[in-house]
Structure formats: C-alpha cells, structure tokens
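The structure under discussion appears below in the form of structure tokens.
The values are calculated or read from the model by the stated rules, or taken from the named source; none is laboratory data. All values reported here derive from a predicted model rather than from experimental measurement. Cβ sites come from the backbone with ideal geometry, for glycine too, and all protein chains shown count toward neighbours.
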Amino acid sequence: MLAPVNWRPYFDHGLKWLIVGGESGPNFRPMDLSWLADTVEQCRAAGVPLFVKQDSGPRPGMKRRIPDDLWVREYPKKVTRLEEDLRPR
C-alpha cells in the first residue's frame, strides 16, 4: 500500500475479496501501518475477507512490522459467479 484508500465504493460495486501488501525490493517505499489498520477496519465492517500479503521491505513476503491483529490472512468462503462461469461444462 502506497497511500490510504477508501475501499467502501469498491465494496458497494461488488468487490468480494481484497489482497493488500507493502512494496518490496531494493527501492521499496514504506507502508504506513495506519493505512493497513484502516483497511482492516473497512473490510471487517463490510464483511469482506482480507489477505495481507506482506509488509514493505527489501525482500518479498515478510511480516516484519505488522502486528498480529493486522496480519490478516482470510479467504472468501463461497464460490463467486465468475468462478462458476469458468467451470468446465
């Protein structure tokens, strides 16, 4: 995450799962944990599962500074219509 985001309009338009994370690599830009905390709050209020991929840092996939209450690893519980449309018939 490179900035705070208001996810509510996306939820209102059918977003069913959100995956977020910090930037990684040698020139990464730090993620502000308050942006992540707000995202967690918005997802919980909307009932949208959230998967936090990683904190910002030089290597991908690291938890680093993310506290346990923000290290959310949720998956959708039901099949989406798109998945149904892609099933072989």
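Would you mention how many residues in region 13-37 are over 20 Å from residue 67 (Cβ atoms) and either touching a residue at least 40 places away in the same chain (Cβ under 8 Å) or touching a helix residue (DSSP H, G or I) at 6+ places or on another chain (Cβ under 9 Å) (or both)?
Residues flagged as over 20 Å from residue 67 (Cβ atoms) and either touching a residue at least 40 places away in the same chain (Cβ under 8 Å) or touching a helix residue (DSSP H, G or I) at 6+ places or on another chain (Cβ under 9 Å) (or both) within region 13-37 amount to 3.
Quick one: count up the residues across region 38-59 that are loosely packed, with under 15 Cβ neighbours inside 10 Å and either in contact (Cβ under 8 Å) with a residue 24 or more places away in the chain or among the acidic types (Asp, Glu) (or both).
Of the residues in region 38-59, 4 are loosely packed, with under 15 Cβ neighbours inside 10 Å and either in contact (Cβ under 8 Å) with a residue 24 or more places away in the chain or among the acidic types (Asp, Glu) (or both).
Among the candidates 25, 14, single out the residue that is under 23 Å from residue 77 (Cβ atoms), loosely packed, with under 13 Cβ neighbours inside 10 Å and either within 11 Å of the chain's Cα centre (by Cα) or not polar (S, T, N, Q) (or both).
Answer to the check: 14.
Here is a list: 31, 62. Which entry is assigned to a loop (DSSP other than H, G, I, E, B), at pLDDT 95 or above and hydrophobic (A, V, I, L, M, F, W, C)?
Step by step, each of 31, 62 is checked, and only 31 is assigned to a loop (DSSP other than H, G, I, E, B), at pLDDT 95 or above and hydrophobic (A, V, I, L, M, F, W, C).
Yes/no per residue for (1) part of a loop (DSSP other than H, G, I, E, B); (2) in contact with a strand residue (DSSP E or B) (Cβ under 7 Å, 6 or more places away or on another chain); (3) of a type outside the set (A, V, I, L, M, F, W, C):
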site: 5; (1), (2), (3): yes, no, no
site: 9; (1), (2), (3): no, no, yes
site: 16; (1), (2), (3): yes, no, yes
site: 27; (1), (2), (3): yes, no, yes
site: 37; (1), (2), (3): no, no, no
site: 42; (1), (2), (3): no, no, yes
site: 45; (1), (2), (3): no, no, no
site: 48; (1), (2), (3): yes, yes, no
